[in-house]
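For reference, the structure is listed below as structure tokens.
Laboratory data are not the source of any read-out in this text; all were calculated from the coordinates shown. Here the structure is a predicted model, which is why all the values come from computation and not from measurement. Counting neighbours? That spans all protein chains shown, and the Cβs are built from the backbone with ideal geometry, glycine included.
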Amino acid sequence: MTVLLPSSSPMQTRHIALLFTALAPLAHGAAAPVTFEKHIRPILKAQCFHCHGEEGEMKGGLDVRLARFILKGGDEGPAIVPGKAAESHLLKMVQEGEMPKGKAKLKDSEIALIEQWIAQGAKTARPEPEKLGPEHAFTDEERAWWAFQPIRKPAVPAVTTAAAITNPIDAFVAEKLAENKLSFSPEADPVTLLRRLTFDLTGLPPEPEDVARFETAATRGAAEYRRAYDAAIERLLSSPAYGERWGRHWLDIAGYADSDGYTDKDLERKWAYKYRDYVIQSLNKDKPFDQFVREQLAGDEMVPQPHKNLSADAIEKITATGFLRMAADGTGAMNDKVAQNSTIADTLKIVSTAFYGMTIGCAQCHDHRYDPITQADYYRLRAVFEPGFNAPKWKTPAARLVSLQTAEEAAAAAKVEVEAKKIDAARLAQTEVFITEVLEKELAKVAEKDREALRTAYRTDVKKRTPEQLALLKNNPRVLKLHAGSLYLYDTTYKTKHANTLKEMAAQAAAVRATKPKEEFIHAFDEPPLKPELVPATFIFHRGDIEQPKDKVQPGDLTVLAGQRQIEVPEKNPATPTTGRRLAFANSLTDGKHPLLARVIVNQVWKRHFGKGLVNTPDDFGQLGEKPSHPELLDYLAAEFMNNGWSLKQLHRLIVTSSTFRQSSRRDDQRDLVDPDNRLLSRMNVLRLEAETLRDSFLAVSGKLNPKLGGAPVPVTFSEEGQIIIGIDTRDTAGRQTGKYTSLQGEEYRRSIYVQARRSTPLEMFATFDAPAMTDPNCASRPVTTVSPQSLLLMNNGYMREHAQDFAMRLQQEAGPDLEKQIRLAWQLSFSRAPSMADLQTATDFVQAQTAHYQANPTKLEHVAGPAEKKDASPALLGLTALCHGLMSSNEFLYVD
């Protein structure tokens, strides 16, 4: 069937795809049977259940949840006449757009499907139940959906193209290719392959020396080349940059941000970075992913109470629960029920998309319109986390931090504070001496008859002053305004240095306090120990309205999964001080039998390597999502992932050693005709660098990249022009620029994963190149746009010019004054290859022309932040800078083949 459709949203596109799936049997002729369960119920569930059957709602007395209910009809009699579509009231109502009420008319294809079902006798696939209890919430067709089936490791296909098969991945891909008369593309050349591998695993360009060694190995035979490739994989996987690269992917899924969001204040999350560091460290250690999941969901429940004097292992586990605190949380600015509920709902969306790959959040207000997820399922999942949120005794973000201070550190800090308070006391005493001295000097200036009254008025508590005293003080403003903070004004009059003396004493106290052990905190999800009767209950909210609680629910997993596995989440585990709900849930999720978790994670990893997942909707494995392009391969990888100890690094090894990954990305007419979107993987996809990888690459080739790991985020602020830049905020309390500059001591050159992620102030380059600002709960799949602001940023952004300047300086330093050597090094650093003779000649002519321009038009180097240059820059440096700017803005730099 060929259908021409207007431009539509992703959700509309998925709905259309679902409809075509339902219509597929009809494409082969009118005789194809149409059944209620498979073809009609999905339409009615999405469009009509909420008014005709759901939650007891029976408009017009009509229930459309079963075929026999429709046949029975409502207030106006039977809704259909089997075999007689023209006489069926239901069909007439949808044809005329009277149903569904208040919504768009059903599509012509949907109406035609309903008409054909009635004409064929309104058949069902099987006898319908007498009553629609919870056990009949889903049809067999819904339960049979591919994503809910147990993961079973399929046999590796036997294929005839054995020469191209390096591991089982290739066998599954080759089978699909052969079915479509396609084959693998040739292997990519060594430079392309190493560049692809390095960016994939570390998010950084390869060093010229690594490229040279790899190219040499490629000339020494297949065995030597394979050993070099395997060695490169191990070197990259063991690099700290690996955790930074793949940590960035997980932080997208977790919804990581260094601020609370929700309100315009967007309050800072000072300690959120510890969760970011936990993720990076866990991935670098290749922590088994099932353990990684359990710690994020229930790390605090793995640590004995009370959470004080914590060991390194306990700190790691509690830090992991920062995952459950990543959602936007406005309760630090406006703590009300709506803000609290929004935080809980967003957390559930993060959990469901990260671990289920399902849109469970769509069941917050009603049963899911497309997938077998009830509203009760949503609130059962919410009940797992309810005690940790504890809405009746809600803690604001600042109040829920977990201190890392030990008892010894607290005692040491207390001793320091005693000494500091001694200085404070001496300062206060000295302040009183100075004030008395100045007061007496001021009183000596007034009439003798008023002195005692004025002295008494001054010494009287402000709230107890009489009207007469207030009037007297008002007539003597220099006495009225006398206080510790104004002593400097009187120092000028009396040639004293009282203010300086007090300032020095305050500095002494501050210096003493600075010797305290630094108290650090964890931004964590730390469930308090609660007696059973104090555990907050979870209720289904009618239509999602927090003011309309209905039935109480117990904690649990999706009902549709209950038929194939035991799901036990206790209301309160008597053996633990906390409820134990999240730990039981986490253990169930990672027991190796859950049908979704391993598939979802493997699909996310595949997507990061190939640009598209085997399921191209990584956050929606449901009816509106795309089905897997290679379902057997997905299950094989999921089973292998679990069988290999949930090792991400082993999964990487399997993927990057496959011929599928090592293919050339070159397109040809035949492949484009058969498989224009390359879903069959007959070639590699060309991928654009993500926003953070692009900036990191600029820093790497310019030689400025700071490899420091972890720690507090690099701050962002506003420039005088209103742009968001890296720097310390020096604005005054009114938000005005002060013009002050504070050096970041090289922190500004750290990898982008360490740049502060404020929801309201994303760095311009990040926002322009599709990095999520986490105004949504999380980001399971980044968009990849191609828009004019990207080109404009590369041409005009101040940071781009700075990167180009730094790049040019590196070339001059490492290649010397020889322009040809500079150009050759520029190509090696930018593209991992030597320039062609044409490239070399064009670049030489360009640099010489630019140098001549700057000789005639002297120009200073540019800085986005910091003091301006006083001297003009060398014309040779500026000419080379122009070349570097062009190279870093080129497609060859921005894209990986």
Tilt relative to the chain, helix 273-284 - C-alpha long axis, 0 to 90 degrees, to 10
50
With a point put 7 Å past each Cα toward its Cβ, work out how far Ala562 is from Ala158 in nm, to one decimal.
4.5
From the phi angles alone, apply the Karplus equation (6.51, -1.76, 1.60; θ = phi - 60°) to the stretch 837-851 and give each ³J(HN,Hα) in whole Hz, x where the residue is Gly or Pro.
4, 5, 4, 5, 5, 5, 5, 4, 4, 5, 5, 5, 5, 5, 4
Using a Förster distance of 41 Å, how high is the FRET efficiency between Ala112 and Arg68, based on the Cβ-Cβ distance and rounded to 0.05?
0.95
Take the alpha carbon atoms of the stretch 193-223, find their center, do the same for the stretch 52-68, and report the distance between the two centers in whole angstrom.
64
Let me have the relative contact order for the chain, percent, based on Cα pairs under 8 Å that are six or more residues apart.
15
Using alpha-carbon positions, what is the distance between the centroids of the stretch 138-192 and the stretch 565-633, in Å?
21
Can you give the helix-only mean residue ellipticity at 222 nm for the chain, where every DSSP H stretch with n ≥ 4 adds -39500 (n - 2.57) and the sum goes over all residues, rounded to the nearest 500 deg cm²/dmol?
-14000 deg cm²/dmol
In the neighbourhood of Arg269 defined by beta carbon distances under 12 Å, the net charge of the other residues (Lys, Arg +1; Asp, Glu -1) is +2
Helix 168-179 against the longest principal axis of the chain: what's the angle in degrees, Cα atoms only, rounded to the nearest 10?
50
What residue among Pro190, Ala147, Ala125 has its Cα farthest toward the positive end of the dipole of the stretch 89-210, where the charges are +1 on Lys, Arg and -1 on Asp, Glu, each on the Cβ?
Ala125
Considering only C-alpha atoms, what is the centroid distance from the stretch 90-128 to the stretch 467-542, in Å?
70
Only Lys, Arg (+1) and Asp, Glu (-1) charged, at Cβ; the chain dipole about Cα centre in debye:
1600
Suppose R0 equals 35 Å; then what is the FRET efficiency for Leu132 and Asp591 from their Cβ-Cβ distance, rounded to the nearest 0.05?
0.65
Which cross-chain or sequence-distant (5 or more) residues have an amide H under 5 Å from the amide H of Arg269, H modelled 1.01 Å from N in plane?
Ser259, Asp260
Between Val755 and residues 5 or more places away or on another chain, which pairs have amide H atoms under 5 Å apart, with H built 1.01 Å from N, and which residues are they?
Val714
Around Lys649, what is the net charge, scoring Lys/Arg as +1 and Asp/Glu as -1 over all other residues with Cβ under 12 Å from its Cβ?
+1
If I fit a long axis through the Cα atoms of helix 597-610 and take the longest principal axis of the Cα atoms of the chain, what angle between them do I get, 0 to 90°, rounded to 10?
80
With the charge dipole of the stretch 255-404 built from beta-carbon charges (+1 for Lys and Arg, -1 for Asp and Glu) about the Cα centre, the Cα from Trp271, His307, Ile344 projecting farthest to the positive end belongs to His307
Once both labels are modelled 7 Å past Cα along the beta-carbon direction, what's the Ala453-Lys308 spacing in nm?
5.8
Could you give me the ³J(HN,Hα) list for the stretch 668-683, computed from phi with Karplus coefficients 6.51, -1.76, 1.60 and θ = phi - 60°, whole Hz, x at Gly and Pro?
8, 4, 5, 5, 5, 6, 6, 9, x, 8, 6, 6, 8, 6, 7, 7
First select every other residue whose beta carbon is under 14 angstrom from the beta carbon of Val446; then total the charges, Lys and Arg +1, Asp and Glu -1.
+2
Is the chain rounded, prolate or oblate when judged by the Cα gyration tensor, a ≥ b ≥ c being the square roots of its eigenvalues, rounded requiring a/c under 1.5 and prolate requiring a/b larger than b/c?
oblate
Along the Cα-to-Cβ line of Ala767, 7 Å from the Cα, sits a label point; which residues in the stretch 247-275 have backbone N less than 19 Å from it?
256-269
Can you list which of the trypsin sites (Lys or Arg not before Pro) found in the stretch 71-151 are DSSP loop residues with at most 10 other C-beta atoms within 10 Å?
Lys131
Which GluC sites (Glu not before Pro) does the stretch 698-748 hold that lie in a coil by DSSP with at most 14 other beta carbons within 10 Å?
Glu720, Glu721
On the formula 1/(1 + (r/R0)^6), with r taken between the Cβ atoms of Val686 and Asn706 and R0 of 35 Å, the FRET efficiency rounded to 0.05 is 0.70
